[in-house]
Amino acid sequence: MSVKVNIEKCNGCEECIKSCPFDAIELKEGKAFINEYCQMCMTCLSVCPEGAIYEETEGKQTKNQQTSEYKGVWIFAEQRDGKVAQVAYELLGIGRTLANDLNTELSAVLLGASENEAQELIKWGADKIYHVKSDIFNTFNDEPYSKILIRLILMHKPEIFLSGATPIGRSFIPRVAARIKTGLTADCTSLKIDKETGNLLQIRPAFGGNIMATIICPDKRPQMATVRPRVMKPGNYDSNRKGEIINVPCDNLSSRTKVIETVKESSGCFVNLQEADIIVSGGRGLGDPKGFKLIQELAELLGGAVGSSRAAVDEGWIPYRHQVGQTGKTVCPKIYIACGISGAVQHLVGMQSSDIIIAINKNPDAPIFNVASYGIVGDLYEILPLLIKKIKEEKGI
Amino acid sequence: MRIIVCIKQVPDTAEVRINPETGTLIREGVPGIINPLDLHAIEAGLYIKEKTGGKVTVISMGPPQAESALRDAIAMGADEAVLISDKAFAGSDTWATAYALSMAIKKIGADIIICGKQAIDGDTAQVGPETAEFLNIPHISYVRKIEHIDKDTIRVQRLMDEGYDVIESPFPVLFTVIKELNEPRLPSLKGKMAAKKAVIQKWNAADIGASEDNIGIKGSPTRVKNVFTPQARTDRKMLEGTPEQQVEALIQELRGLKCL
Ligand SMILES: Cc1cc2nc3c(=O)[nH]c(=O)nc-3n(C[C@H](O)[C@H](O)[C@H](O)COP(=O)(O)OP(=O)(O)OC[C@H]3O[C@@H](n4cnc5c(N)ncnc54)[C@H](O)[C@@H]3O)c2cc1C
Ligand SMILES: Nc1ncnc2c1ncn2[C@@H]1O[C@H](COP(=O)(O)O)[C@@H](O)[C@H]1O
């Protein structure tokens, strides 16, 4: 079997060259030419506007998408500044469970970072690491990230592929799924193997958590999903675990977009809402930007992050990146403390799946109490200082 | 600059009710609105047009009712609108939706394509990046600021977890926007008149050259197996008494949960 170009039809438009994940097509004398790097992924067949590329089969016909050819569970080990993100260990946790259920291997893909980080992934449960060591992955850029991942998936054919539902994963994984022509389920909160069919059952909230849906991808492989951070338990750490590290070369990874600069922005405290165990949020009920001083003090005391309602952002009391809700972030911490937030649906959809919700509000009829685990009807300017004092006592500060 | 904005008509979540027996959404009588983040995408398109000149085309794939969303976009100032509608598109997942949008975009031709970061019904945030891949062009997610744009390049800020990246791209490019980018304008009187008179082009699957293997249920790799309502919280406790007693009770609870 091989991929061929009908030179009569080819007009040299280069669409196939741009689409080829292996850089296996060149322009020679104004026509597409397929070189020895071709992995027969057939991507170019579908992008050629002239229909000039075709598959030549000798003898026995092999079916392109045979789901049974795909084996193994893979996870994407996201790194930031060379350090593997927490969500990768969580993916190894759920990945191990799925791999055991399917009686198969668990592998991780690591782009950038050091050998040492790759070793750590093995200790957290991976059997195999596909490690692409290169500085170009230090800053996140969609095109090189997706190109290399497309190559790896087409070559090794895993049956399941999981990534964190982080800004990075949710930006570039859809490109990979689109190119490979397989399904992708966003922001899953639970994953299971269907005992009868062996399919991956991907469970996720929709309509802002008002309903849950089970999604399957029955005929295409890999079955791909992004997984909400902080929902899965990390794998078991075993410093004696052995595994294999495969160094993957990466040449020819061009990119049209350029990352000019990476700017860290912190407003004095931890703001990565989606990774925080505890979030203390303030709303219009604070009445004043100074109210966020109290919110921040409590958050710092608890080692948590500061969130807010849209009303507080619109008032200009706090930057948008803190906003929780429909047009802000969806969060799922262990504890969410809502102070002076009424609980409009648009806010609730962003936080109602938190494990424990504590609501502090003057108005006993505020809808926030409908989703609260603990409700305190009262003035936050009385409650919060007391709470801060008590917690300090508790911690002996 | 040829600018295309992709908009989706979604049910207003504030109005969505769940049928307690079947666990499914009751859509009847729920008003359709333009996906909130897509309003910011339209605003971005109009802003770029004002800077560089050109034309803003809004497109939407959806049932015939989605025409009203397109008219609303024209009222805001978009120049023209295309509704991509065909029974054959029914049941499309993000893959099949992105494929159909990319075919329509190819037919129109574009230098910049703008999407909302995500739609409030599915919350997937996948259609934008997938469409870019189908078009073989780069994309930039979560755009929160347009720093510079001229006829050759665009430079924007992309919001990340702990800050932002400054990214530069040539055209064509697709980007997805977040609320922080801008404040969507309200329709003007002139816009409303234009919206009334506007002729919305309607394209079906054949018009955009979509292959039937790639659209609708047949073209969608994923299936919804079932939907169910999440378990309601039954554990609510109101903490009573003076502020001191309330705080003490809360501390007790947190201690019990080993959270302190
Ligand atoms: C398309 C769209 C998208 C939206 N997206 C979002 C989103 O992503 N996130 C979001 O949060 N909102 C969003 N909203 C806005 C949402 O509808 C509400 O307007 C907003 O959440 C209200 O914020 P709030 O609860 O802080 O303010 P309010 O509703 O004004 O509530 C303030 C609360 O504070 C209480 N209070 C006042 N003083 C005190 C005190 N001293 N002590 C204790 N309690 C006090 C009051 O009783 C009241 O309940 C969106 C709206 C729309 C239309
Ligand atoms: N059917 C559609 N028609 C036009 N644009 C769409 C459609 N579905 C999604 N989009 C665009 O893609 C964005 C992300 O949608 P989603 O991936 O569904 O969260 C939306 O904000 C729209 O800009």
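The values are calculated or read from the model by the stated rules, or taken from the named source; none is laboratory data. Quick caveat: nothing in here was measured; it's all calculated off a predicted structure. Using ideal geometry, Cβ is built from the backbone for each residue, glycine included, and neighbour counts are taken over all protein chains shown. Just the protein is used for accessible areas: all its heavy atoms, side chains included, with ligands, DNA and RNA removed. Shrake-Rupley method; radii C 1.70, N 1.55, O 1.52, S 1.80 Å.
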Residues of region A:318-338 satisfying the condition of being touching a helix residue (DSSP H, G or I) at 6+ places or on another chain (Cβ under 6 Å) and more than 9 Å from ligand 1 (Cβ to nearest atom): A:Ile318, A:Tyr320, A:Val331
Wholly enclosed strands (runs of 3 or more DSSP E) of region A:181-264 bearing at least 1 residues at the interface with chain B (Cβ under 7 Å from one of its Cβ atoms) and touching a strand residue (DSSP E or B) at 6+ places or on another chain (Cβ under 8 Å): A:184-188, A:200-206, A:211-216, A:258-264
Residue in region B:177-186 that is under 20 Å from the mean Cα position of the chain (by Cα) and away from ligand 1 (no atom under 16 Å from the Cβ) present: no
Subset of region A:361-383 [of a type in the set (A, V, I, L, M), closer than 19 Å to A:Leu298 by Cα and at the interface with another protein chain (Cβ under 9 Å from one of its Cβ atoms)]: A:Ala372, A:Ile376, A:Val377, A:Ile383
Among the candidates B:Ala110, B:Ala100, residue that is within 25 Å of A:Ser171 (Cβ to Cβ), modelled with pLDDT of 95 or more, away from ligand 1 (no atom under 16 Å from the Cβ) and in a loop (DSSP other than H, G, I, E, B): B:Ala110
Enumeration of residues in region A:207-266 that are of a type in the set (Gly, Ala, Ser), open to solvent by less than 40 Å² (accessible area, probe 1.4 Å) and within 20 Å of A:Leu91 (Cβ to Cβ): A:Ala225, A:Gly235
Residue list for region A:274-317, filter: more than 14 Å from ligand 1 (Cβ to nearest atom), outside any loop (DSSP other than H, G, I, E, B) and open to solvent by 50 Å² or more (accessible area, probe 1.4 Å): A:Lys293, A:Gln296, A:Glu297, A:Glu300
Failed criterion for A:Arg175 (all others in (1) out of contact with any strand residue (DSSP E or B) (no Cβ under 7 Å at 6 or more places or on another chain); (2) charged (D, E, K, R); (3) open to solvent by less than 20 Å² (accessible area, probe 1.4 Å); (4) more than 30 Å from B:Pro11 (Cβ to Cβ) hold): (4)
Lone unmet requirement of (1) surrounded by 15 or more Cβ atoms within 10 Å (Cβ to Cβ); (2) over 23 Å from A:Ile153 (Cα atoms) for A:Phe22: (2)
Strands (runs of 3 or more DSSP E) lying entirely in region B:166-260 (those with 1 or more residues that are of a type outside the set (Phe, Trp, Tyr) and crowded, with 19+ Cβ neighbours inside 10 Å): B:173-177
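Matching residues to (1) in contact with a strand residue (DSSP E or B) (Cβ under 8 Å, 6 or more places away or on another chain); (2) within 16 Å of ligand 2 (Cβ to nearest atom); (3) at pLDDT 95 or above:
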| site | (1), (2), (3) |
| --- | --- |
| A:Gly316 | no, no, no |
| A:Tyr320 | yes, no, no |
| A:Gln352 | no, no, no |
| A:Ala359 | yes, no, yes |
| A:Leu380 | yes, no, yes |
| A:Ile383 | yes, no, yes |
Subset of region B:86-100 that is more than 9 Å from chain A (Cβ to nearest Cβ) and open to solvent by 10 Å² or more (accessible area, probe 1.4 Å) - its residue that is nearest to B:Ile59 (Cα to Cα): B:Thr97
Residue among B:Ile140, B:Ile146, B:Ile208 that alone is of a type in the set (Val, Ile, Thr), more than 8 Å from chain A (Cβ to nearest Cβ), within 16 Å of ligand 2 (Cβ to nearest atom) and closer than 24 Å to B:Ile34 by Cα: B:Ile208
From the options A:Gly343, A:Gly375, A:Gly350, residue that is near ligand 1 (Cβ under 7 Å from one of its atoms) and either open to solvent by 20 Å² or more (accessible area, probe 1.4 Å) or touching a helix residue (DSSP H, G or I) at 6+ places or on another chain (Cβ under 6 Å) (or both): A:Gly343
